Amino acid sequence: MEEQLLISWSDIVKEHPELADKDPAMGMNWDIGQEMIFAYVTFLALF
Amino acid sequence: MSEVMNLYKKRVERVYKAINLEQPDRVPISSALGTWSSYYAGYTDSESNWDLDKCSKSLLKVVNDIPMDVLHMFYARPGGMYQALGSKSFHYLNESNIVQYSDENAEVMTSEEYPEFIKDPFRFMVEKVLPRKYAELAKDTPAKDLALAKGAMQFGMYGAKKGAAEANLISQYGIPMLFDGLAIMPLDWIADFFRGIKGAFMDMRRRPEELLEAAQALTPLVIRFGMGQMFSTPPKANPKIILLPLHLPPMLKTADFDKFYWPMFKTIVEAFVANGVIPMPFYEGDWSRYYDHLQELPVKKTLGWFEHGDPKELKQKLGNTMCILGLFPVTLLQYGTKEECITKAKELLDDLAPGGGYIFSTDKELLSAADGKAENIIAVNKFVMEYGIY
């Protein structure tokens, strides 16, 4: 089984098809903890 | 309202009137003093990265001594985080120098890996980029898990120190910080951090479609990364501002800029604006051949920080589109006399201040100890506060 790293945007759209045409940035009301992990990992990949 | 909070309110109003292309009571002054602040306060850049309180103390000393309306940012890097993870990206030439970047160490992705990257850039970053950039993350579990957790603790502490520094600047001196976060454009991200600049330029010729698809695939991540910072910082009365340092365009042919850079840049700027955030691109180098492009950006919704350019041409071509700042040469603060600095400031104000929509600023961030004489900075800012009254 493939390891699930984080909930991807595409997985969220599967659950909420009404969000399909929304920009990922609109998802900031998901869960700030998840966003912090995203920010941390992205920060590491960047700087 | 206390005197300090009254000052804070006036400064914020001054800055946002300029952003709205209105005429404030006088030209606002934005100070881009960066790591120069550490040296001014008696520390080194490396000391401030290891001990973040030294960055906070440096900022407080700077705003105490130098007249200004707004300070750019909390400039230190989280050294503890990089140490916990075994970073290979940055190093110091010596203890008293600023942190150095290496293009060779930036090449953590091969040109053959584009298809995998395009398919899922975030997964690629986690699985491929991070173990190559950080020695501790290349180890087996549980060593790598522990390193990631240690790094996360440092990252969280960094955010807390940054927030506390901003609160201290406001409560003690009434000085706001300009930026609430930053984001890097897709092509710069690929060139500076994944392929190296030489690699990215080779890809532009040998794998143009893959490079383009990679830049397109990164675009939503750039927006999410930027918006995440906006939502995770405390709410503010006015729209938050995100810094967008732009690196490659002056080195690109215009046709390549049109293909690999501009579409993604415009999308990202428009996405931030649509979400109530003000983008502040730092137009590094000479952008004069792109002014027509920049006229397409949302009106009164961005701040343009310019390193080079003719102020008259800038005002004429972009003055109705965006608030302009920059152009004052840091080299003059370093090598010029007080009189020469003031003469240059007067020239810029004469060209850029009329009608508003202008914030006084240097053409770039001050970094090393020698980047500016404090007496010149103080003299120039005092002059702008007097001469810049509308």
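The values are calculated or read from the model by the stated rules, or taken from the named source; none is laboratory data. Note that the structure is predicted; figures quoted are calculated from it, not measured. Because the Cβ atoms are built from the backbone with ideal geometry, glycine has one as well, and the counts that use them run over all protein chains shown.
For every residue, the table says whether it meets (1) in contact with a strand residue (DSSP E or B) (Cβ under 9 Å, 6 or more places away or on another chain); (2) within 30 Å of B:Glu209 (Cβ to Cβ); (3) modelled with pLDDT of 95 or more; (4) more than 10 Å from chain A (Cβ to nearest Cβ).
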{"residue": "B:Lys119", "(1), (2), (3), (4)": "no, yes, no, yes"}
{"residue": "B:Pro131", "(1), (2), (3), (4)": "no, yes, no, yes"}
{"residue": "B:Ala135", "(1), (2), (3), (4)": "yes, no, no, yes"}
{"residue": "B:Asp145", "(1), (2), (3), (4)": "no, no, no, yes"}
{"residue": "B:Phe155", "(1), (2), (3), (4)": "no, no, no, no"}
{"residue": "B:Tyr158", "(1), (2), (3), (4)": "no, no, no, no"}
{"residue": "B:Asn168", "(1), (2), (3), (4)": "no, no, no, yes"}
Yes or no: B:Val99 within 14 Å of another protein chain (Cβ to nearest Cβ), free of Cβ contacts under 8 Å to residues at least 12 places away in the same chain and crowded, with 17+ Cβ neighbours inside 10 Å?
no
Scan region B:313-330 and tell me whether some residue there is under 21 Å from the mean Cα position of the chain (by Cα), part of a helix (DSSP H, G or I) and under 26 Å from B:Met264 (Cβ atoms).
yes
Restricting to region B:192-222, name every residue that is of a type in the set (A, V, I, L, M) and either touching a residue at least 60 places away in the same chain (Cβ under 8 Å) or in contact with a His (Cβ under 7 Å, 6 or more places away or on another chain) (or both).
B:Ile197, B:Met202, B:Leu211, B:Ala214, B:Ala217, B:Leu218, B:Leu221
Residues of region B:349-362 satisfying the condition of being buried (at least 20 other Cβ atoms within 10 Å of the Cβ) and free of Cβ contacts under 8 Å to residues at least 60 places away in the same chain:
B:Leu352
Single unsatisfied condition, B:Ala255 versus (1) away from chain A (no Cβ under 13 Å); (2) at pLDDT below 95
(2)
When you check B:Ile118 against the structure, is it within 30 Å of B:Phe272 (Cβ to Cβ), out of contact with any Ser or Thr (no Cβ under 8 Å at 6 or more places or on another chain), touching a residue at least 40 places away in the same chain (Cβ under 8 Å) and not in a helix (DSSP H, G or I), yes or no?
no
Which pairs do you get when a residue that is part of a loop (DSSP other than H, G, I, E, B), found in region B:11-25, comes within reach of a residue that is crowded, with 21+ Cβ neighbours inside 10 Å, reach meaning Cβ atoms under 6 angstrom, with the pair 6+ apart or on two chains?
B:Leu21/B:Gly357; B:Pro24/B:Ala18
Residues that are buried (at least 20 other Cβ atoms within 10 Å of the Cβ) and in a loop (DSSP other than H, G, I, E, B), drawn from region B:49-65:
none
Among the residues of region B:306-342, count how many are polar (S, T, N, Q) and within 20 Å of B:Leu366 (Cα to Cα).
3
